[in-house]
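Q: Input: one structure, supplied below.
Nothing in this text is a laboratory measurement; each read-out follows from the coordinates by a stated rule. Since the model is a prediction, treat every value here as computed from it, not as a measurement. Neighbour counts are summed over all protein chains in view; Cβ atoms, including those assigned to glycine, are modelled from backbone coordinates with ideal geometry.
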Amino acid sequence: MKPPSICDLFCGCGGLSTGLEAAGMATKWAAELNPDAAATFKAAHAHAHIWNEDANILLQRCADGEKGTPQKGEVDLLCGGPPCQGFSGYNRYRSPSDPRNSLIETFLAFVELLNPRYVLMENVPGMLQMEEGRTPRLLLRTLEDLNYQTKLGILQAGFYGLAQNRWRVFVVAAKEGESLPSFPEPTHLFPRTTLFGATAFRANVVKPTHDAESLFSQLAPHTTVGDAISDLPRIPNGGGRVKADYEKRPVSTYQKDMRQNCSKLHDHQAENHGPAMLPRICAVPKRPGAGWLDLPEHLKPRNLAKHNDKRYENRFGRLWWSGTFNTIVTRPYPYWGRFIHPEQDRVLSVRECARAQSLPDKMAFVGSLKSKYLQVGNAVPPLLARAIGKEIMRAMEYEPA
């Protein structure tokens, strides 16, 4: 039996496809506008046909019946994450009129044209907050008008084996007559379980069935920063190499899973910080919970020190081995979060961010250091995608991998 076919729109470097393929599916088509991300995806998914162009151009190619493009009846799962910056809580100027938000309409146009058996869309929780959730409600209503059953879930990546606090919204849809999948049950404990905002959608948060202390709970311990990156070599501020040797053997199951028999370490490179930032990084104590509040007075950022606001204690934060990562963003800049290495006076490397995202070591990123961080920060964590993919496979009546 052939594996279910995937068309991955706005695919980025390929985190979603990587996870879905690990569940047993096969990516046949993909589209990505960013050339570096498209090249990274192609190297990791050589079997897929990827278009490095605007999704609206590919939409027209499909409508014209161009050879090699996906056509109606050929796609089992249409998936993707339309660019989320217009919805992101990190964007202070987010607006319903942001032109990037219209790419959700492009995604829906693909659904209407290709009529896939199943649909999976990913986005940030910020999309639930604007105009009291008008966008997700309209999205669900449009899918229902196209004769799809729908379900919206808010998932915490840490519940599925990541060492990272990352909330994401998923919409899954199945054609009338198909089985609508459930969202996956959490498999791991995780200490960060509070979702801020999106009050109207609290019922859609996927939580463990049993309390952690329950006798019936079979959740695995949460994955830690140490589990994820403690095997990686020491590098200085601004140091590292595109390709290097591992130097150490893996010391956790997570590290073994990320290596997957990879012989070389890719992209273990860290951003260089100069005289304005490096003294602050060096001055943050090497202990759990340390951040800007622990800096000497002359190194505390003036705008933070002025209000002495403890709500922002994660800024200039140092990670610790037994803790978890903050949400991995598109640049690990110390001012915005806890991105300083537990023992070394530098920010996280590209590979360390990739490990936090569960992107496998064999995925080598194309482009500048800035571009690599961007690709990693925008990715869907494969471990989370795999958990969702298994439920979709069961709904399709396949045995998941």
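Q: Based on DSSP H runs of at least 4 residues, each adding -39500 (n - 2.57), what is the mean residue ellipticity at 222 nm of the chain after dividing by all its residues, to the nearest 500 deg cm²/dmol?
A: Calculated from helices alone, the mean residue ellipticity at 222 nm is -7000 deg cm²/dmol.
Q: I want to verify a result. In a Gaussian network model of the chain, Cα cutoff 10 Å, which of these has the top mean-square fluctuation: Arg318, Arg192, Arg166?
A: Highest fluctuation among the options: Arg192.
Q: Additional query: Within 10 Å of each residue's Cβ, count the other Cβ atoms and sort Arg259, Arg287 from fewest upward. Kindly include the intermediate steps, with their values, before the conclusion.
A: Values: Arg259 17, Arg287 10.
So the residues, fewest neighbours to most, are Arg287, Arg259.
Q: Please give, to one decimal in nm, the separation of the simple spin-label points placed at Arg202 and Asn272, each 7 Å out from Cα toward the Cβ.
A: 5.0 nm
Q: Considering only the other residues whose Cβ falls under 14 Å of the Cβ of Ser230, what net charge follows from Lys and Arg at +1 and Asp and Glu at -1?
A: +2
Q: Can you tally the net charge around Leu374? Count Lys and Arg as +1, Asp and Glu as -1, for every other residue whose Cβ sits under 11 Å from the Cβ of Leu374. If you can, show how the numbers build up before the last one.
A: On the way: positive: Arg331, Lys370, Lys372; negative: Asp36.
Local charge sum for Leu374: +2.
Q: If you don't mind, another one. With Rg and the Kirkwood Rh both taken from Cα atoms, where does Rg over Rh land for the chain?
A: Working: Rg = 21.1 Å, Rh = 21.9 Å.
Here the Rg-to-Rh quotient is 0.96.
Q: Further question on the same structure: Rounded to the nearest 10 degrees, what's the angle between the helix 369-378 long axis and the longest principal axis of the chain, both from Cα atoms, 0 to 90?
A: Here the helix axis deviates by roughly 60 degrees.
Q: Okay, moving on. Give, rounded to the nearest 20 debye, the magnitude of the charge dipole that segment 225-378 has about its Cα centre when Lys and Arg contribute +1 at Cβ and Asp and Glu contribute -1 at Cβ.
A: Dipole magnitude for segment 225-378 comes out near 200 debye.
Q: Taking a 18 Å limit on the Cα-Cα distance, which of the listed pairs Lys42/Lys175; Lys286/Lys306; Lys243/Lys362; Lys243/Lys264; Lys42/Lys248 fall beyond it?
A: Beyond 18 Å: Lys42/Lys175; Lys286/Lys306; Lys42/Lys248.
Q: Now, a different point. Using the charge dipole of the chain (Lys, Arg: +1 at Cβ; Asp, Glu: -1 at Cβ; taken about the Cα centre), state which of Gln357, Ala220, Tyr312 has its Cα farthest towards the positive end.
A: Going by the charge dipole, the pick is Tyr312.
Q: Which of Lys390, Lys264 has the fewest other C-beta atoms within 10 Å, and how do the rest follow up to the most?
A: In order of increasing Cβ crowding within 10 Å: Lys264, Lys390.
Q: Sorting check: for 340-346, 121-127, which peptide has the highest mean count of neighbouring beta carbons within 10 Å, and how do the rest follow?
A: By packing density, highest mean first, the sequence is 121-127, 340-346.
Q: Could you give me the ³J(HN,Hα) list for segment 220-237, computed from phi with Karplus coefficients 6.51, -1.76, 1.60 and θ = phi - 60°, whole Hz, x at Gly and Pro?
A: Running phi through 6.51 cos²θ - 1.76 cosθ + 1.60 with θ = phi - 60° gives 6, x, 5, 6, 9, 4, x, 4, 7, 10, 5, 8, 7, x, 5, 9, x, 3 Hz.
Q: Could you grab the relative contact order for segment 225-378? Cα pairs under 8 Å, six or more apart, rounded to a whole percent.
A: On the way: 289 pairs, mean separation 43.1, N = 154.
28 percent.
Q: Within a Cβ distance under 13 Å of Glu53, other residues only, what is the Lys/Arg minus Asp/Glu net charge?
A: Charge balance in the 13 Å sphere: -2.
Q: Whole-Å semi-axes of segment 225-378's equivalent ellipsoid, largest first, each the root of 5 times a Cα gyration tensor eigenvalue?
A: Each semi-axis is the square root of five times an eigenvalue, giving 28, 15, 13 Å.
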